[in-house]
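Notes to accompany the following structure.
The values are calculated or read from the model by the stated rules, or taken from the named source; none is laboratory data. The structure displayed is predicted, hence computed values, not measured ones. Reconstructed Cβ throughout: ideal geometry from the backbone, glycine too, with neighbour counts over all protein chains shown. For the accessible areas, the whole protein counts, side chains as well, though only heavy atoms, and no ligand, DNA or RNA atoms are used. Shrake-Rupley method; radii C 1.70, N 1.55, O 1.52, S 1.80 Å.
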Amino acid sequence: MEKIVVKGGYKLSGEVNIDTAKNSVLPIIAASILCGDRCCIKNSPRLEDVNVICNLLRSMKADIEFDGNDIYINTRNMVPIEPNKELVGKMRASFFIMGPMLARFRRFKTALPGGCNIGSRPIDLHLKGLAALGATITQGHGYVEATAPKLKGNRVYLDFPSVGATENILMAAIFAEGETIIENAAAEPEIEDLAAFINYMGGKIIGAGTDTINIIGVNSLHGTTHTPIYDRIEAGTFMVAAAITRSKIKINGVKQEHLKPVVAKLKECGVIMETTDNGIIVNATEELCPVDIKTMPYPGFPTDMQAQMMSLMCTVPGTSLITETVFENRFMHASELKRMGANIKIDGRIAIVEGIEKLSGAEVKASDLRAGAALILAGLAADGITTVNDIYHLDRGYVEIEKKLKKLGAEIKRTI
Ligand code: UD1
């Protein structure tokens, strides 16, 4: 199995280009089902999760071709057969196909999705929303089936602003009769991007990116071309790479307004941030101080940056409290960081981190995607060699992270 080996202690310098957002591209590919036409997704990141969702659509007879980083998807000949179960089990985002398949074919059955190891990750909010639009839901033996001879617009209040549920309900509502209003919707930039893509196809979605989204049902959509937004979590990860190595780097492809809480926390920590035309210069050459972090739905501090910030806090002398409110089991990286000498105590959803002078390189395991990134970051700052195992998690969400870090001056390689 492949692993990433990092020799710590090297400063970073230069520039890094951020890819487009996995969390935008996945629902956008799912939304292409809606139009039954040809779409082009420009400049998509070449990631394992993108391959998985493309293969899922192919298993239902979509025609998909890659031309470099552009993906051409023709969903005209798709059929509502059960998608490949093994592929569905590979990632949580495979459930994104439920909303558009139900909207287009009025009946869809799929195995339950898989995904990262960070919590129980139920789909009750997705199903509640689909039921509110008139779908009949049946579940059993690891499968879920939704049928709806006719979908009708309705008011859907989400008990929690779930990203996936917001996206699924939004897609399901596209051809529903009348208007659907999603209240307490997730407001992540990737939802705004998905709505922009659907609106380019002829949809009528208003308010995506806020907590109230109105979807006015339309009769049909047409193909379009779309370039997804940059990946704010990849950008944030490189910001922390600069901070943890006390370096100065330029990150191209950051929309600062998408990263407000991460930028604010890094500034509070002592990192100097300078905006450029296309990105940001991150300068962490001054002394840093510990900060407290609490993850929240957007526009709060993203849970997808919690692990990386924990690595940083492990290297900043003093105490910081990290509170995880979005997922119930998202501290698995803490025990791996402890192998590297980190001083972390977990009390329920709170991690108490006592920063130390130097982490020490060790053999560790990536328990999930962002945990893997956090361990690589820790390795950049640690004394000696860190070997990160189970890096297939990383390949789901970062395009060649080790090559990008190497170009910035890190001593890092992928081996078997
Ligand atoms: C998306 C992101 C993921 C990110 C997460 C939170 C994608 C592909 N993935 O995941 O990177 O970490 O948002 O920002 O966009 N919940 C329920 N019932 C549901 C759905 C969710 O209780 O039906 C709970 C989850 O268990 C979790 C919380 O809501 O505790 C947030 O989950 P959600 O926002 O749905 O995350 P995802 O869409 O799975």
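Results, tabulated for the structure shown:
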quantity	calculated
Matching option when the condition is more than 19 Å from THR237 (Cβ to Cβ), open to solvent by 10 Å² or more (accessible area, probe 1.4 Å) and part of a strand (DSSP E or B), among PHE66, PHE96	PHE66
Residue match in region 265-287 (condition: away from the ligand (no atom under 16 Å from the Cβ), touching a helix residue (DSSP H, G or I) at 6+ places or on another chain (Cβ under 7 Å), farther than 30 Å from LEU151 by Cβ and open to solvent by 60 Å² or more (accessible area, probe 1.4 Å))	yes
Residue among ALA131, ALA103 that is outside any loop (DSSP other than H, G, I, E, B), aliphatic (A, V, I, L, M) and open to solvent by 40 Å² or more (accessible area, probe 1.4 Å)	ALA131
Considering residues of region 324-349 that are β-branched (Val, Ile, Thr) and away from the ligand (no atom under 16 Å from the Cβ) only, the residue farthest from THR387 (Cα to Cα)	ILE346
Boolean, PRO80 is at pLDDT 95 or above, more than 15 Å from the chain's Cα centre (by Cα), in the same structural domain as CYS54 (by the TED database) and open to solvent by 10 Å² or more (accessible area, probe 1.4 Å)	yes
Counted residues, region 185-194 - those being part of a loop (DSSP other than H, G, I, E, B) and either open to solvent by 10 Å² or more (accessible area, probe 1.4 Å) or more than 16 Å from the ligand (Cβ to nearest atom) (or both)	2
Scan of region 25-47 for residues that are within 13 Å of the ligand (Cβ to nearest atom) and farther than 17 Å from PRO100 by Cα, ordered by number	PRO45, LEU47
Count - residues of region 330-346 that are within 26 Å of the chain's Cα centre (by Cα) and open to solvent by 70 Å² or more (accessible area, probe 1.4 Å)	2
Criterion: over 23 Å from GLU287 (Cβ atoms), surrounded by 17 or more Cβ atoms within 10 Å (Cβ to Cβ), in the same structural domain as ALA284 (by the TED database) and touching a helix residue (DSSP H, G or I) at 6+ places or on another chain (Cβ under 9 Å) - qualifying residue of ARG370, ARG349	ARG370
Unmet requirement for GLY68, which otherwise passes all of (1) more than 21 Å from GLY178 (Cα to Cα); (2) small (Gly, Ala, Ser); (3) out of contact with any strand residue (DSSP E or B) (no Cβ under 8 Å at 6 or more places or on another chain); (4) within 16 Å of the ligand (Cβ to nearest atom)	(4)
Search result, residues across region 225-247 that are of a type in the set (Ser, Thr, Tyr) and either assigned to a loop (DSSP other than H, G, I, E, B) or touching a strand residue (DSSP E or B) at 6+ places or on another chain (Cβ under 8 Å) (or both)	THR225, THR227, TYR230, THR245, SER247
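Every residue, every condition in (1) buried (at least 20 other Cβ atoms within 10 Å of the Cβ); (2) within 12 Å of the ligand (Cβ to nearest atom), yes or no:
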| residue | (1), (2) |
| --- | --- |
| ALA146 | yes, no |
| TYR157 | no, no |
| THR166 | yes, yes |
| ALA172 | yes, no |
| GLU183 | no, no |
